[in-house]
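> There's a structure below that I have some questions on.
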Amino acid sequence: MDTIIVKVTEQGDSIKRASDILRAGGLVAFPTETVYGLGGDGLNKEASGKIYAAKGRPSDNPLIIHIGDRDALGELVKEVKKPAVKLMDAFWPGPMTLIFDKADRVPKETTGGLDTVAIRYPSHPIALRLLRESGVYIAAPSANLSGRPSPTDARHVVEDLNGRIDMILDGGAVEIGLESTIIDVTGVHPVILRPGFITKEMIEQILPDITVDPAILVESKQERLVAKAPGMKYKHYAPRGQLYLVEGTNEKAVFEKINALVKEASEKGLRAAVIATEESAGSYPAGLVKVMGSRLREETVAKKLFAILREMDDLGVDIIYSESFGRQGLGQAIMNRLLKAAGYQIISADES
Ligand code: AMP
Ligand code: MG
């Protein structure tokens, strides 16, 4: 299949062409504020099937349906409880996905066989234009091949999906760089199922009794195997080289440990790389050092994370040592993605 790749402009007809494709059951990748999405008609089970096929995604890993106004909820979900309304008032449109009991018309092909459905109202202007022009409820997972880092720029989508989908709308680099925060609002007490740019601390301002799915907090490999939330059991975001997170009680110990590990790897003939921050980059004299933003502004780390993992593949790196981050605030989402990418391999700098 030939994939149409177009830069979106105010004057061009790219959104109209993309809308025609979506209405006809085809697939269009488009930018959102979080990552690029691979969109198809969420009420058309054949279109959902094409999304799974194009990504190589397991069919029990549910898709998120995107909407361009809140009224659409009435057609897609059974019930909207009070806490959900508070969350929507505070964070929609934006990087927050809510899980509801699904209306009958939402096919199980879109929800990975579940009776619940994930809904997001994005804020990105191109996503909103596409939703409103097409009139389609767009099911869209991240526009990467299953298992690869999520795409934060159109060129990442081209790398993974060129020739596999109908169209790619190029809207440049995304703003946030991590997928949405997912909150289950089917019960009386909402629960965070996936951390994202909207942090637990921000949600607590609106819903003080918000909790986090315990599966998110489990960091050991063995215990992960029993994790229950859909999508959590799959290997995610992994670069081709093995990634290790190095953690310690003081930064000097971390620098020394990483330098020792790089030396050891190089002596074995392996191509080693370090993922550092603006503050620490100068502490690694050897190996290939990539800077993933600043610790003082963790949103800069979030924004670069997936692009750096892809860069490691481009550079043909065999082994990667990354610094780690605190688990509070945005750090919770950053560590969640890094741990998945590393297959939960953590090296302690404190034991020597
Ligand atoms: P992606 O868009 O690639 O980030 O994948 C969407 C993710 O949303 C899935 O992997 C699930 O973790 C989550 N999700 C989607 N629908 C549901 C649902 N009905 N219940 C729980 N989690 C869901
Ligand atoms: Mg994904």
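Read-outs throughout are calculated quantities, based only on the coordinates presented, and are distinct from any laboratory measurement. In this text, all values refer to a predicted model and were calculated from it rather than measured experimentally. In this analysis, Cβ positions are derived from the backbone assuming ideal geometry, glycine residues included, and neighbour counts consider all displayed protein chains.
> In the structure displayed, which of 108/304; 16/50; 82/102; 200/303 lie more than 24 Å apart, Cα to Cα?
Too far apart for the 24 Å limit: 108/304.
> Oh, and also: Rank 328, 136, 43 by how far each Cα sits towards the positive end of the charge dipole of the chain (+1 on Lys, Arg Cβ; -1 on Asp, Glu Cβ) and give me just the farthest.
So the residue furthest toward the plus end is 43.
> Would the chain count as rounded, prolate or oblate if I go by the C-alpha gyration tensor, calling it rounded below 1.5 in a/c and otherwise prolate when a/b exceeds b/c, oblate otherwise?
Here the chain falls in the prolate category.
> Give the residue list of GluC sites (Glu not before Pro) in the range 1-55 that are DSSP loop and have at most 12 other beta-carbon atoms within 10 angstrom.
10
> For an R0 of 35 angstrom, estimate the FRET efficiency from the Cβ-Cβ distance between residue 45 and residue 242 and round to the nearest 0.05.
Result of the calculation: an efficiency of 0.35.
> Using a 10 Å cut-off on Cβ atoms, rank the peptides 179-185, 316-322, 26-32 from the highest mean neighbour count down.
26-32, 179-185, 316-322
> For the range 74-220, rounded, prolate or oblate, judged on the Cα gyration tensor with a ≥ b ≥ c (square roots of eigenvalues), a/c < 1.5 rounded, else prolate if a/b > b/c?
prolate
> Which whole-number percent is the relative contact order of the chain (Cα, under 8 Å, 6+ apart)?
19 percent
> Quick check: residue separation of residue 271 and residue 132 times 0.36 nm, minus the Cα distance between them. What number comes out in nm?
Using 0.36 nm per residue and subtracting the Cα-Cα distance, I get 45.3 nm.
> Separate question: If you place +1 on the Cβ of every Lys and Arg, -1 on the Cβ of every Asp and Glu, and leave all else neutral, what size is the dipole of the chain about its Cα centre, to the nearest 20 Debye?
500 debye
> Whole-Hz Karplus ³J(HN,Hα) for the range 130-147, in order, using 6.51 cos²θ - 1.76 cosθ + 1.60 and θ = phi - 60°, x for Gly and Pro?
5, 4, 6, 5, 7, x, 9, 7, 8, 6, 8, x, 4, 8, 10, 5, 3, x
> While we're on this one: Give the long-range amide H neighbours of residue 168: residues separated by 5 or more places, or on another chain, with amide H under 5 Å away, using H modelled in the peptide plane at 1.01 Å from N.
Those qualifying (amide H under 5 Å, at least 5 residues apart or on another chain) are 4, 5, 6, 29.
> Per DSSP H run of n ≥ 4, the term is -39500 (n - 2.57); total these for the chain, divide by its residue number, and report the mean residue ellipticity at 222 nm rounded to 500 deg cm²/dmol.
Estimated from H runs of four or more residues: -9000 deg cm²/dmol.
> I need the shape label for the range 309-352. Rule: rounded when a/c is under 1.5, else prolate if a/b > b/c, else oblate, with a, b, c from the alpha carbon gyration tensor.
oblate
> Roughly speaking, what is the stretch gain from residue 345 to residue 11, that is 0.36 nm per residue apart minus the C-alpha to C-alpha distance, in nm to one decimal?
Gain in length upon complete extension: 115.4 nm.
> Let me ask something else. Give me the extension gain from residue 20 to residue 219: residue separation times 0.36 nm, minus the current Cα-Cα distance, reported in nm with one decimal.
67.2 nm
> Let me ask something additional. Provide the percentage of antiparallel DSSP beta bridges, counting only those with both residues in the chain; round to the nearest 5.
So the antiparallel bridges amount to about 40 percent of the total.
> Sticking with this structure for a sec: Using a 7 Å offset from the Cα along the Cα-to-Cβ direction at both residue 53 and residue 108, what is the distance between the two label points in nm, to one decimal?
Between residue 53 and residue 108, the simple spin-label model gives 2.1 nm.
> Determine the relative contact order of the range 104-226: mean sequence separation of Cα pairs under 8 Å and six or more apart, normalised by residue count, in whole percent.
Worked out over the range 104-226, it gives 12 percent.
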